[in-house]
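Some notes on the structure that comes next.
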Amino acid sequence: MDYIRDYTMYAAIFGMFSFSWFGWAQERPRANWRIYIGIASGIALLVCLLGVYLSINNWNEPSALSDNTSFTVYLITVFIEFFVAGAGAFIIIRKKVKEYVAPWIAFIVGIHFISLVSVFDDSSLYVLAALLVAVSIFAVIAAPKLQVASSAITGIGSGTVLLCFAILGLVRYFSV
């Protein structure tokens, strides 16, 4: 079933988190990357705001989260994600390898989308999960070679992936 409200929320939420990841990408990227990161941030913010506007205008439309079981699974998944990501980040910082915090967070965010596939009945979330996990692994490998912060690579990669999925939410909304 197509839940147009969920598609608008994809645009709003993925757009907001894309904007956030592009912000995190500002930690020690190459100087000539900054303008592109800034432009991508602006685009993500605009997509987010359009998603918010469309979400408000479609608030009474059905959502996958209207089902109590789906909503419960969603909340449990998000709470577990926050706990695991936060606990892992705490340990990473305590071990004095803070350059792995951003990739760790992206990895956990990616993994959490696997359980959301059944909540939203949306197999494209498997692709989102795989891409975010791939970004997190790539960032750990590429950042030292490129002599940038791993958060720069993670932020650019995660921001781009989430922006694409935010735009996909808009495409799906306008296609229904």
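Since every read-out is calculated from the coordinates, none of them should be taken as a lab result. This is a predicted model, so every value here is computed, not measured. Cβ coordinates were reconstructed from backbone atoms using ideal geometry, including for glycine residues, and neighbour counts include every protein chain displayed.
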Inset, instruction - Given the options Ala87, Ala139, Ala40, state which has the largest fluctuation in a GNM of the chain using a 10 Å cut-off (strictly under) for Cα springs. - result: Ala87
Legend entry - Most fluctuating residue given options Ile156, Ile93, Ile114, as computed from a GNM of the chain linking Cα atoms under 10 Å: Ile93
Inset, instruction - Figure the gain on full extension for Thr72 and Ile137 (residue separation times 0.36 nm, minus the Cα-Cα span) and round it to one decimal in nm. - result: 20.4 nm
Legend entry - Protection-proxy order for peptides 128-135, 45-52, each taking the mean of Cβ atoms within 10 Å per residue, highest first: 128-135, 45-52
Legend entry - Modelled FRET efficiency - R0 35 Å, Phe79 with Arg28, Cβ distances, 0.05 increments: 0.65
Legend entry - Longest segment of the chain lacking trypsin sites (Lys or Arg not before Pro) that sit in a DSSP loop with at most 13 other Cβ atoms within 10 Å: 97-176
Legend entry - Degrees, to the nearest 10: 4-24 long Cα axis against longest axis of the chain: 10 degrees
Inset, instruction - Compare the Cα positions of Phe19, Leu75, Ser175 along the charge dipole of the stretch 4-175 (+1 at Cβ of Lys, Arg; -1 at Cβ of Asp, Glu; about the Cα centre) and return the one farthest towards the positive end. - result: Phe19
Inset, instruction - May I ask you to list the GluC sites (Glu not before Pro) in the stretch 1-100 that are in a DSSP loop and have at most 10 other Cβ atoms within 10 Å of their Cβ? - result: none
Inset, instruction - Indicate the gyration tensor shape class of the chain (rounded, prolate or oblate), computed on the Cα atoms with a ≥ b ≥ c the square roots of the eigenvalues: a/c under 1.5 is rounded; otherwise a/b larger than b/c is prolate and the rest oblate. - result: oblate
Legend entry - Cα-based helix-to-principal-axis angle, 34-57 vs the chain, degrees rounded to 10: 20 degrees
Inset, instruction - Could you please report the charge total around Asp121, scoring K, R as +1 and D, E as -1 over all other residues with beta-carbon less than 12 angstrom from its beta-carbon? - result: -4
Legend entry - Relative contact order (percent, whole number), the stretch 1-97, Cα cutoff 8 Å, 6+ residue spacing: 37 percent
Inset, instruction - At 7 Å along the Cα-to-beta-carbon direction for both Asn60 and Tyr126, put a label point, then send me their distance in nm to one decimal. - result: 3.7 nm
Inset, instruction - Whole Å is fine, so just give me how far the alpha carbon centre of the stretch 116-138 lies from that of the stretch 1-73. - result: 15 Å
